[in-house]
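Remarks on the structure that follows.
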């Protein structure tokens with residue numbers, strides 16, 4: 001992850017891949033400073049945070065089903 005102006009950053013602050021629409025990554029390489037011990041708990045927290053971002057984006061998205069897009073009879 002990196003700042004918005006960092007050309008070397010692969011992910012933005014919401015763990016979305018830059019330049020590829022719809023791709024999010026939950027990988028420990030996205031953590032700038034990790035502990036030297038067991039990374040299981042931080043990896044689980046990172047995955048949970050990424051899932052939260054995806055669910056939030058999904059809740060705010062427009063309906064995708066045809067039955068939800070059209071309210072009247074044709």
### Message
Could you tell me the relative contact order of the range 1-62? Use alpha-carbon pairs under 8 Å, at least six residues apart, and round to a whole percent.
### Response
24 percent
### Query
Mind listing the Cα extents of the range 1-62 along all three principal axes, in Å, largest one first?
42, 27, 14
### Which of 4, 12 has the fewest Cβ neighbours within 10 Å, and the rest in rising order
4, 12
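Quick note: the coordinates plus some simple rules give every number you see, no bench work behind them. Small disclaimer: the values here were computed from a predicted structure and weren't measured. No Cβ is skipped: glycine too gets one built from the backbone with ideal geometry, and neighbour counts run over all protein chains shown.
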